[in-house]
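Participant: Below are the C-alpha coordinates for one structure; questions will follow.
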Amino acid sequence: MATKELQHDEAIRRLLSRTKLEMPSDDFTYRLMERVTAEPEPAKGWLIRYQWIVLFAAFSVAVLLLFFPVWSWFGLEFTPVKFLLFYTGEAFRISALWLGETLSRLGNMGKMMYLLPVSVAILLLVSVDQALKRPAHAAKQA
(Lines give C-alpha, C1' and ligand atoms only; values in the text may rest on other atoms or scores of the structure.)
Protein backbone atom coordinates (compact mmCIF):
# COMPACT_ATOMS: atom_id res chain seq x y z
CA MET A 1 0.00 0.00 0.00
CA ALA A 2 1.14 3.51 -0.68
CA THR A 3 1.95 5.92 2.14
CA LYS A 4 -0.98 8.12 1.15
CA GLU A 5 -3.42 5.22 1.47
CA LEU A 6 -2.05 4.33 4.91
CA GLN A 7 -2.59 7.91 6.04
CA HIS A 8 -6.19 7.82 4.83
CA ASP A 9 -6.83 4.50 6.57
CA GLU A 10 -5.37 5.81 9.82
CA ALA A 11 -7.50 8.97 9.62
CA ILE A 12 -10.63 6.89 9.09
CA ARG A 13 -9.76 4.63 12.05
CA ARG A 14 -9.29 7.65 14.29
CA LEU A 15 -12.62 9.13 13.25
CA LEU A 16 -14.44 5.88 13.86
CA SER A 17 -12.80 5.31 17.25
CA ARG A 18 -14.07 8.69 18.53
CA THR A 19 -17.69 7.97 17.69
CA LYS A 20 -19.90 5.36 19.26
CA LEU A 21 -22.83 3.61 17.69
CA GLU A 22 -26.23 5.02 18.48
CA MET A 23 -28.97 2.57 19.24
CA PRO A 24 -32.43 3.37 17.88
CA SER A 25 -35.28 3.82 20.32
CA ASP A 26 -37.40 0.85 21.31
CA ASP A 27 -40.39 1.91 19.21
CA PHE A 28 -38.34 2.66 16.10
CA THR A 29 -39.37 -0.53 14.27
CA TYR A 30 -43.03 -0.01 15.19
CA ARG A 31 -43.02 3.59 13.91
CA LEU A 32 -41.26 2.55 10.71
CA MET A 33 -43.77 -0.23 10.03
CA GLU A 34 -46.66 2.17 10.72
CA ARG A 35 -45.30 4.55 8.08
CA VAL A 36 -44.82 1.74 5.57
CA THR A 37 -48.35 0.42 6.03
CA ALA A 38 -49.79 3.95 5.86
CA GLU A 39 -48.42 4.47 2.34
CA PRO A 40 -51.01 3.76 -0.36
CA GLU A 41 -50.45 0.79 -2.62
CA PRO A 42 -49.35 1.83 -6.14
CA ALA A 43 -52.13 1.64 -8.69
CA LYS A 44 -51.81 -1.05 -11.33
CA GLY A 45 -52.46 -0.37 -15.00
CA TRP A 46 -55.66 -1.68 -16.56
CA LEU A 47 -53.74 -4.15 -18.72
CA ILE A 48 -52.20 -5.79 -15.65
CA ARG A 49 -55.49 -5.79 -13.74
CA TYR A 50 -57.46 -7.32 -16.61
CA GLN A 51 -54.77 -9.44 -18.25
CA TRP A 52 -56.82 -12.64 -18.10
CA ILE A 53 -59.82 -10.91 -19.68
CA VAL A 54 -57.66 -9.55 -22.52
CA LEU A 55 -56.07 -12.97 -23.04
CA PHE A 56 -59.48 -14.68 -23.04
CA ALA A 57 -60.87 -12.16 -25.55
CA ALA A 58 -57.91 -12.67 -27.91
CA PHE A 59 -58.24 -16.45 -27.60
CA SER A 60 -62.00 -16.23 -28.28
CA VAL A 61 -61.43 -14.21 -31.45
CA ALA A 62 -58.83 -16.75 -32.63
CA VAL A 63 -61.26 -19.64 -32.03
CA LEU A 64 -64.06 -17.79 -33.83
CA LEU A 65 -61.76 -17.25 -36.81
CA LEU A 66 -61.04 -20.97 -36.91
CA PHE A 67 -64.69 -22.06 -36.73
CA PHE A 68 -66.16 -19.32 -38.94
CA PRO A 69 -63.46 -18.70 -41.55
CA VAL A 70 -65.41 -16.39 -43.87
CA TRP A 71 -65.98 -12.88 -42.58
CA SER A 72 -67.37 -9.84 -44.28
CA TRP A 73 -65.92 -6.50 -43.28
CA PHE A 74 -66.83 -3.40 -45.21
CA GLY A 75 -68.18 -5.54 -48.03
CA LEU A 76 -64.92 -7.46 -48.47
CA GLU A 77 -65.15 -11.19 -47.94
CA PHE A 78 -61.99 -13.03 -47.07
CA THR A 79 -60.74 -16.16 -45.39
CA PRO A 80 -58.53 -15.18 -42.44
CA VAL A 81 -55.71 -17.60 -43.28
CA LYS A 82 -55.57 -16.45 -46.90
CA PHE A 83 -55.86 -12.84 -45.70
CA LEU A 84 -52.89 -13.22 -43.33
CA LEU A 85 -50.82 -15.05 -45.93
CA PHE A 86 -51.57 -12.36 -48.51
CA TYR A 87 -50.43 -9.52 -46.25
CA THR A 88 -47.41 -11.49 -45.04
CA GLY A 89 -46.40 -11.98 -48.66
CA GLU A 90 -46.98 -8.30 -49.40
CA ALA A 91 -44.82 -7.29 -46.43
CA PHE A 92 -42.07 -9.63 -47.58
CA ARG A 93 -42.29 -8.31 -51.16
CA ILE A 94 -42.12 -4.67 -50.03
CA SER A 95 -39.21 -5.29 -47.65
CA ALA A 96 -37.27 -7.25 -50.29
CA LEU A 97 -37.85 -4.46 -52.81
CA TRP A 98 -36.65 -1.84 -50.31
CA LEU A 99 -33.56 -3.91 -49.43
CA GLY A 100 -32.73 -4.41 -53.12
CA GLU A 101 -33.06 -0.70 -53.88
CA THR A 102 -30.91 0.20 -50.88
CA LEU A 103 -28.17 -2.26 -51.84
CA SER A 104 -28.23 -1.06 -55.44
CA ARG A 105 -27.74 2.51 -54.23
CA LEU A 106 -24.76 1.37 -52.19
CA GLY A 107 -23.43 -0.54 -55.22
CA ASN A 108 -23.62 2.58 -57.36
CA MET A 109 -21.35 4.43 -54.95
CA GLY A 110 -18.29 2.50 -56.20
CA LYS A 111 -15.33 2.68 -53.86
CA MET A 112 -17.32 4.77 -51.40
CA MET A 113 -19.63 1.77 -50.87
CA TYR A 114 -17.16 0.28 -48.39
CA LEU A 115 -16.72 3.48 -46.40
CA LEU A 116 -20.14 3.53 -44.76
CA PRO A 117 -20.36 -0.04 -43.38
CA VAL A 118 -16.71 -0.04 -42.34
CA SER A 119 -17.12 3.30 -40.55
CA VAL A 120 -20.21 2.07 -38.73
CA ALA A 121 -18.43 -1.15 -37.72
CA ILE A 122 -15.42 0.78 -36.39
CA LEU A 123 -17.67 3.14 -34.47
CA LEU A 124 -19.57 0.23 -32.89
CA LEU A 125 -16.35 -1.56 -31.92
CA VAL A 126 -14.91 1.57 -30.31
CA SER A 127 -18.15 2.21 -28.42
CA VAL A 128 -18.30 -1.35 -27.08
CA ASP A 129 -14.62 -1.21 -26.15
CA GLN A 130 -15.09 2.04 -24.22
CA ALA A 131 -18.19 0.72 -22.49
CA LEU A 132 -16.44 -2.45 -21.31
CA LYS A 133 -13.03 -0.98 -20.50
CA ARG A 134 -12.23 0.11 -16.96
CA PRO A 135 -10.99 3.68 -16.50
CA ALA A 136 -7.20 3.99 -16.78
CA HIS A 137 -6.67 5.15 -13.19
CA ALA A 138 -8.70 2.20 -11.82
CA ALA A 139 -6.62 -0.24 -13.83
CA LYS A 140 -3.35 1.20 -12.44
CA GLN A 141 -4.53 0.90 -8.82
CA ALA A 142 -5.62 -2.73 -9.18
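Participant: Looking at (1) of a type outside the set (Val, Ile, Thr); (2) part of a helix (DSSP H, G or I); (3) at pLDDT below 80, find the lone condition where Asp129 falls short.
Facilitator: In the conditions (1) of a type outside the set (Val, Ile, Thr); (2) part of a helix (DSSP H, G or I); (3) at pLDDT below 80, Asp129 misses (3) alone.
Participant: Select from segment 108-126 the residues that are surrounded by 10 or more Cβ atoms within 10 Å (Cβ to Cβ) and small (Gly, Ala, Ser) and write down the one among them that is modelled with the lowest pLDDT.
Facilitator: Ser119
Participant: A follow-up question, please. Does any residue of segment 72-79 turn out to be in the same structural domain as Val61 (by TED's automatic domain parsing), surrounded by 10 or more Cβ atoms within 10 Å (Cβ to Cβ) and either at pLDDT below 70 or among the basic types (Lys, Arg) (or both)?
Facilitator: Yes, there is a match, as at least one residue in segment 72-79 is in the same structural domain as Val61 (by TED's automatic domain parsing), surrounded by 10 or more Cβ atoms within 10 Å (Cβ to Cβ) and either at pLDDT below 70 or among the basic types (Lys, Arg) (or both).
The values are calculated or read from the model by the stated rules, or taken from the named source; none is laboratory data. Everything quoted here is computed from the prediction, not taken from an experiment. Virtual Cβ from ideal backbone geometry, glycine too; neighbours counted across all protein chains shown.
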